[in-house]
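The values are calculated or read from the model by the stated rules, or taken from the named source; none is laboratory data. Predicted model, so just to flag it, every value in this text is computed and none were measured. Reconstructed Cβ throughout: ideal geometry from the backbone, glycine too, with neighbour counts over all protein chains shown. To get the accessible areas, we keep the full protein, side chains included, count just its heavy atoms, and leave off ligands, DNA and RNA. Shrake-Rupley method; radii C 1.70, N 1.55, O 1.52, S 1.80 Å.
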Protein chains: 2
Amino acid sequence: MAQSSQKINMADVARAAGVSMATASRALNNDYGVSEATRRRVLAVAEELSYVVSPEASRLAGGATGRVAVVVPHISRWFFAALLEGLESVLRAADLDVLLYHVDGIEDRHDFFRRLPARRKVDAVVVLAFPVGEEEQRRLELMGVTIIAAGGQHAPYPNVSIDDETAGRQAMDHLLFLGHRRIAMIAAVDPDQPDEVQPSGRSNAYYSALRDAGIPVDERLVVTVDWGGDQGADAMAKLLSQPEPPTAVYAHSDEVALGAIRTLRRAGLRIPDDISVIGIDDHPVAELTDLTTVRQPVREQGERAGRMLLDILRGEETEHDVVVPTQLVIRGSTAPPRG
Amino acid sequence: MAQSSQKINMADVARAAGVSMATASRALNNDYGVSEATRRRVLAVAEELSYVVSPEASRLAGGATGRVAVVVPHISRWFFAALLEGLESVLRAADLDVLLYHVDGIEDRHDFFRRLPARRKVDAVVVLAFPVGEEEQRRLELMGVTIIAAGGQHAPYPNVSIDDETAGRQAMDHLLFLGHRRIAMIAAVDPDQPDEVQPSGRSNAYYSALRDAGIPVDERLVVTVDWGGDQGADAMAKLLSQPEPPTAVYAHSDEVALGAIRTLRRAGLRIPDDISVIGIDDHPVAELTDLTTVRQPVREQGERAGRMLLDILRGEETEHDVVVPTQLVIRGSTAPPRG
DNA sequence: TTCGGGAACGGAAACGCTTCCGAAACGACC
DNA sequence: GGTCGTTTCGGAAGCGTTTCCGTTCCCGAA
């Protein structure tokens, strides 16, 4: 009895409601051309029989898939997950299903673009925080569906992101304003992404800020590491091993900054008394650890991308390059240099 | 030319390969009953035409959907995302697509179980870190597909999880071993889950450990808050406002512990000199902040659940209640009490 | 040479819907 | 009352596969 519900199809509903399948279909889809009374009756019967349309048949017969693929690396990192969370919420509200493709590591990546597992399965694909190379773009377009990007840098498709360089400047300018002149940078790169697509805005900000402040660049103060807290810690150790350590550290991300802080603390240095540290992102942990940072609205970027996608799917126009603002958040990890 | 690939179907492939659709289908699916030569020819033609089967038609005609629904709350928290990451990796390796249902908040939850949006769309559903009530179970079963759980507590379906009580005991026993007698507990509940399904193992561990140590319970040392770092901070403040504060704090999770630590630091207290703090989970940040904790293998739980699901989908037997071990990880936030 | 049996393959019926097109019904208007 | 325009509704043709049944073909055994 309960499991018989499995086999109920639209024909059953139509019959039970005393209408044709055509009418049943229209009623179920809220289509035009059904009287209110009939619609209600059909809906009631469907509910009664706990009928659910077969998305496969529906799609096969002409509709859209009602699915969108989301391609995202590093899901277990807050930034990516938050982006996804925002995106998912608006898509789900629009009754679209999210097909998740977690592409981690260079291997996965190649495999994804080669096989295009989402092909023929979705109406659109959203690329989250994922700089796409040229060849990859070409593959993606092979799918013949709408493409949207979010959280990465600009892209050939409609996209939403922050301005990395501006964010970096907000961090650097804060340190400079406090009076720091010997500022180190811990640059983080994603080892899973090819070099040519690594965003460089946050690094550019370092150099342009120093230039504008008339401070010569000391390349010994710049260390580039793979993304990650431990790597940040190592980088800090390297910086501390120099004859003249910095008075402030600008890290490309909060996690990296946290790693640096661990090293400082273990070295017996006090923050911000002995050395200032600033990150970027405003990771939830930043608040818990009193880390000064530059906040970017992450969830919002995902939501925004979702709304843009809905626009396009509806056939409407949408913006192309949306840049959301970032904002300095001053906490306890930065202060003027000693003396 | 490129976009014409959109409209290629199996009939085209069959024609081009000079076989019937039946044979083409068998060849494409590696089915029995096709000569090696024919199979190769069909495959070559398909590749040439860059043909991809329509999953809808395929499913409609009899196959499985090749999709599994994953229901998960709080995606942007590490624990949930890591679980998902593990699960996704094994499902994707098996060529199954993951349909993500992020169910956050009580509202979402009701909506999900009422509408069952995944109905008729998947071959199975995996419930991640999500205690399911009885009525909800009934709804879920209405979908008529395999159900698996992971990261939550035991469930009526095959599931994998840690033993919360054991994990809690590992934490408590560590503090007791160090010589603490005045131990506080910051219990965290998920405000988005109904009371009746809140797991209580971590709390039970507190009481049983004290009992076994012959230490009377002081209810003023137990504070229950909604899950979250800020809430942990508030809880700690409450504990500090008492005439006789604890010498150690057992927090239900690392994030909560971190919040507590922020309060302690702001109060000028030193960790672990003045007060010890221990969490549970081994969140990546725990390592960066030198937090002693009890590690649970999160990603592995997801992977394990994925493998169990594959077993079932293949029609094989699988385990029912898998419990993965937890392990004390001693870092710098715990030490014997002063004096 | 004939016959039986298995492997290889083809025809065609589902699968469950959407939508085009035409028919019927129903008012409104002259 | 007849005509015409709207609505409302039904018939039926797909949509692109899988799979059930046969049929053909080839090879070895009798």
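In summary, B:S333 fulfils each of the numbered conditions (1) hydroxyl-bearing (S, T, Y); (2) open to solvent by 10 Å² or more (accessible area, probe 1.4 Å); (3) not assigned by TED's automatic domain parsing to the domain that holds B:S208 with the single exception of condition (2).
Examine segment B:5-13 for a residue that is more than 14 Å from every other protein chain (Cβ to nearest Cβ), within 11 Å of DNA strand D (Cβ to nearest atom) and not β-branched (V, I, T), and state whether such a residue exists. Yes, segment B:5-13 has at least one match. Taking (1) within 21 Å of A:M308 (Cα to Cα); (2) open to solvent by less than 20 Å² (accessible area, probe 1.4 Å) in turn, A:H180 satisfies each apart from (1). Checking segment A:118-133 against the condition returns a match, with at least one residue being more than 30 Å from B:L83 (Cβ to Cβ) and either out of contact with any Gly (no Cβ under 9 Å at 6 or more places or on another chain) or modelled with pLDDT of 95 or more (or both).
Of the set (1) in contact with a helix residue (DSSP H, G or I) (Cβ under 8 Å, 6 or more places away or on another chain); (2) among the hydroxyl-bearing types (S, T, Y); (3) surrounded by fewer than 23 Cβ atoms within 10 Å (Cβ to Cβ), all apply to B:Y250 but (3). Among residues of segment A:158-171 being in a helix (DSSP H, G or I) and open to solvent by less than 10 Å² (accessible area, probe 1.4 Å), the one that is farthest from A:A124 (Cα to Cα) is A:A171.
Taking the conditions (1) closer than 27 Å to A:E141 by Cα; (2) within 12 Å of DNA strand C (Cβ to nearest atom); (3) open to solvent by 50 Å² or more (accessible area, probe 1.4 Å) in turn, B:D31 satisfies each one other than (1). The single condition among (1) at pLDDT 90 or above; (2) surrounded by fewer than 21 Cβ atoms within 10 Å (Cβ to Cβ); (3) within 11 Å of DNA strand C (Cβ to nearest atom); (4) within 14 Å of chain B (Cβ to nearest Cβ) that A:D111 does not meet is (3).
All but one of (1) within 16 Å of DNA strand C (Cβ to nearest atom); (2) assigned to a helix (DSSP H, G or I); (3) of a type in the set (S, T, Y) hold for B:S89; state the number of the condition that does not hold. Among (1) within 16 Å of DNA strand C (Cβ to nearest atom); (2) assigned to a helix (DSSP H, G or I); (3) of a type in the set (S, T, Y), the lone unmet condition for B:S89 is (1). The requirement of being touching a residue at least 12 places away in the same chain (Cβ under 8 Å), farther than 30 Å from A:V294 by Cβ and facing chain B (nearest Cβ under 10 Å) is not satisfied by A:D104. Filtered by the rule that a residue be out of contact with any Gly (no Cβ under 6 Å at 6 or more places or on another chain), more than 8 Å from chain B (Cβ to nearest Cβ), in contact (Cβ under 8 Å) with a residue 40 or more places away in the chain and outside any loop (DSSP other than H, G, I, E, B), segment A:282-297 gives A:A286, A:T292, A:V294. Against the list (1) within 8 Å of another protein chain (Cβ to nearest Cβ); (2) of a type outside the set (S, T, N, Q); (3) open to solvent by less than 20 Å² (accessible area, probe 1.4 Å), the condition A:R77 fails is (3). Only one of the numbered conditions (1) within 10 Å of chain A (Cβ to nearest Cβ); (2) buried (at least 23 other Cβ atoms within 10 Å of the Cβ) is not met by B:V71, and that is (1).
Checked against the criterion of being among the hydroxyl-bearing types (S, T, Y) and within 14 Å of chain A (Cβ to nearest Cβ), segment B:251-270 contains one or more residues that satisfy it.
For residues that are more than 23 Å from A:D254 (Cα to Cα) and either open to solvent by 10 Å² or more (accessible area, probe 1.4 Å) or without any contact (Cβ under 8 Å) to a residue 24 or more places away in the chain (or both), scanning just segment B:270-281, find the one that is nearest to the chain's Cα centre (by Cα). By that ranking, first place goes to B:P272. Picking from residues in segment A:116-157 that are of a type in the set (G, A, S) and part of a loop (DSSP other than H, G, I, E, B), the one that is surrounded by the fewest Cβ atoms within 10 Å (Cβ to Cβ) is A:G144. Mind checking which residues of segment B:16-28 are within 11 Å of DNA strand D (Cβ to nearest atom), of a type outside the set (S, T, Y) and open to solvent by 40 Å² or more (accessible area, probe 1.4 Å)? Of everything in segment B:16-28, those that are within 11 Å of DNA strand D (Cβ to nearest atom), of a type outside the set (S, T, Y) and open to solvent by 40 Å² or more (accessible area, probe 1.4 Å) turn out to be B:M21, B:A22, B:R26, B:L28. For the criterion of being at pLDDT 95 or above, open to solvent by less than 20 Å² (accessible area, probe 1.4 Å) and assigned by TED's automatic domain parsing to the domain that holds A:Q193, A:A237 fails.
If only residues of segment A:92-108 that are of a type in the set (A, V, I, L, M) and surrounded by 19 or more Cβ atoms within 10 Å (Cβ to Cβ) are counted, the one that is nearest to A:P131 (Cα to Cα) is A:V103. Pull out all pairs, ordered by first then second residue, where Cβ-Cβ is under 6 Å, the residues are six or more apart or on different chains, the first lies in segment B:37-62 and is within 10 Å of DNA strand C (Cβ to nearest atom), and the second is open to solvent by 50 Å² or more (accessible area, probe 1.4 Å). Once the first residue is within 10 Å of DNA strand C (Cβ to nearest atom) and sits in segment B:37-62, its partners that are open to solvent by 50 Å² or more (accessible area, probe 1.4 Å) give B:E56/A:R59; B:E56/A:L60; B:A57/A:L60; B:L60/A:L60. Counting the residues of segment B:81-101 that are within 8 Å of another protein chain (Cβ to nearest Cβ) and on the phi < 0 side of the Ramachandran plot gives 12.
Taking the criterion of being surrounded by fewer than 18 Cβ atoms within 10 Å (Cβ to Cβ) and more than 8 Å from every other protein chain (Cβ to nearest Cβ), the residues of segment B:42-65 that qualify are B:L43, B:A44, B:E47, B:E48, B:L49, B:A61, B:G62, B:G63, B:A64.
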